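Trainee: Here's a structure for you.
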Amino acid sequence: MMTMRLLILSAALLAIIPAAARAQDRLAPDTTIVFTPSKPIAVGTEESAILTNSWGIDLMLSNNGFGFGGFYRKRESADLSWFTSLAISDVKDEQEVQYYDIYGRSYSPFKKNRLMLVPLFAGVQYRLFREEIADNFRPYVSAAVGPAVMVIAPYQRAIEKDIGVGSIIEYQQIEFFESLKYATAQYTLGGYIGAGAYFGTEGGTLSGVSIRYYFIPFREGIETLEGVFVNNFGGLYITLNFGTFF
């Protein structure tokens with residue numbers, strides 16, 4: 001008897017619950033409010049999370065000397081970036097020969113001036129074969145232009161010595177840092193074209209190598225050796241790049 005009553009009560013409840021739910025759906029208003037943002041919400045992706053801008057140092061080597069500098073690079077698209085760079089490079093004449101005396105001191109016969117080149121360039125860089133080559137090897141071509149300063153410091157100075165029956169002129173080498181006190185500067189407009197490649201994936205540390213051909217003209221020329229004037233201090237440079245992304 002008790003079992004029959006439970007079956008009847010259960011059947012009644014099963015019949016009442018759906019009816020009550022339908023009634024509530026008809027009577028209760030929908031209070032759900034959907035907000036639409038004024039700007040689309042950015043959904044993070046692997047590509048957007050990768051750091052693409054970079055800065056670092058350059059180590060430069062050529063027949064004329066060696067140098068170092070720094071750079072800042074900003075990526076505008078998957079293939080195109082712009083950059084700025086500042087460097088300082090030791091410059092020597094190709095005819096210059098360096099010797100050492102018995103005390104280990106170096107000297108260069110007929111050398112007139114010490115030269116340091118300081119270019120400040122801005123340029124563009126275009127990535128090659130992005131679809132064909134994996135991201136851990138990124139070849140590119142680049143070109144840059146900007147002002148350049150040649151710092152000219154005397155290599156030696158003339159000293160008059162009395163030898164009793166007269167005097168002679170003796171040339172004495174000036175130490176590097178002391179010669180900077182007598183330095184002058186000449187200005188020009190230069191640039192370079194180049195090609196290179198970065199290694200490793202983007203987003204961490206940056207390393208690469210490039211070959212650049214510089215154009216650094218000086219119309220009136222600069223005296224490097226006694227009576228030897230050079231009008232163009234360009235040429236091939238091998239540059240190593242080390243930096244980081246941010």
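Trainee: Quick test for you: out of Ile193, Ile216, Ile222, pick the one residue that is farther than 20 Å from Met116 by Cβ, among the aliphatic types (A, V, I, L, M) and either buried (at least 17 other Cβ atoms within 10 Å of the Cβ) or over 14 Å from the mean Cα position of the chain (by Cα) (or both). Working first, answer last.
Mentor: Numbers: Ile216 fails: farther than 20 Å from Met116 by Cβ; Ile222 fails: farther than 20 Å from Met116 by Cβ.
Sole residue among the options that is farther than 20 Å from Met116 by Cβ, among the aliphatic types (A, V, I, L, M) and either buried (at least 17 other Cβ atoms within 10 Å of the Cβ) or over 14 Å from the mean Cα position of the chain (by Cα) (or both): Ile193.
Trainee: To continue, here is another question. Can you find a residue in the stretch 158-165 that is out of contact with any helix residue (DSSP H, G or I) (no Cβ under 8 Å at 6 or more places or on another chain), in contact (Cβ under 8 Å) with a residue 12 or more places away in the chain and exposed (fewer than 11 other Cβ atoms within 10 Å of the Cβ)? First the steps, then the outcome.
Mentor: Step one: list which residues in the stretch 158-165 are out of contact with any helix residue (DSSP H, G or I) (no Cβ under 8 Å at 6 or more places or on another chain), which gives 158-165.
Applying the additional criterion that residues be in contact (Cβ under 8 Å) with a residue 12 or more places away in the chain yields 158-159.
Retained after the next criterion (residues that are exposed (fewer than 11 other Cβ atoms within 10 Å of the Cβ)): 158-159.
Yes.
Trainee: Would it be correct to say that Leu86 is in contact with a Leu (Cβ under 6 Å, 6 or more places away or on another chain), assigned to a strand (DSSP E or B) and at pLDDT 85 or above? Reasoning before the result, please.
Mentor: Details: in contact with a Leu (Cβ under 6 Å, 6 or more places away or on another chain): yes; assigned to a strand (DSSP E or B): yes; at pLDDT 85 or above: yes.
For Leu86, the condition - in contact with a Leu (Cβ under 6 Å, 6 or more places away or on another chain), assigned to a strand (DSSP E or B) and at pLDDT 85 or above - is met.
Trainee: Check off (1) in contact (Cβ under 8 Å) with a residue 24 or more places away in the chain; (2) surrounded by fewer than 17 Cβ atoms within 10 Å (Cβ to Cβ); (3) closer than 30 Å to Ala78 by Cα for Leu128 and give me the number that stays unchecked.
Mentor: (1)
Trainee: Kindly indicate whether any position in the stretch 214-226 is charged (D, E, K, R), within 25 Å of Ala143 (Cα to Cα) and free of Cβ contacts under 8 Å to residues at least 60 places away in the same chain. Full working, then the answer.
Mentor: Start the filter on the stretch 214-226 by keeping residues that are charged (D, E, K, R), which leaves 219-220, 223, 226.
Narrowing the set further to residues that are within 25 Å of Ala143 (Cα to Cα) leaves 219.
This time we only want the ones that are free of Cβ contacts under 8 Å to residues at least 60 places away in the same chain, so: 219.
Checked against the condition, which is being charged (D, E, K, R), within 25 Å of Ala143 (Cα to Cα) and free of Cβ contacts under 8 Å to residues at least 60 places away in the same chain, the stretch 214-226 yields at least one hit.
Trainee: Could you please let me know if Thr188 is in contact with a strand residue (DSSP E or B) (Cβ under 6 Å, 6 or more places away or on another chain), at pLDDT 75 or above and surrounded by 10 or more Cβ atoms within 10 Å (Cβ to Cβ)? Walk me through how you get there before you give the answer.
Mentor: Values: in contact with a strand residue (DSSP E or B) (Cβ under 6 Å, 6 or more places away or on another chain): yes; at pLDDT 75 or above: yes; surrounded by 10 or more Cβ atoms within 10 Å (Cβ to Cβ): yes.
In short, yes.
Trainee: Of the conditions (1) surrounded by fewer than 16 Cβ atoms within 10 Å (Cβ to Cβ); (2) closer than 25 Å to Tyr213 by Cα; (3) of a type outside the set (D, E, K, R); (4) within 31 Å of the chain's Cα centre (by Cα), Ala134 fails just one. Which one is it?
Mentor: Only one criterion is unmet by Ala134, namely (2).
The values are calculated or read from the model by the stated rules, or taken from the named source; none is laboratory data. Given the structure is predicted, the values throughout are model-derived calculations rather than measurements. Here Cβ is always computed from backbone atoms with ideal geometry, including for glycine, and neighbour counts include all displayed protein chains.
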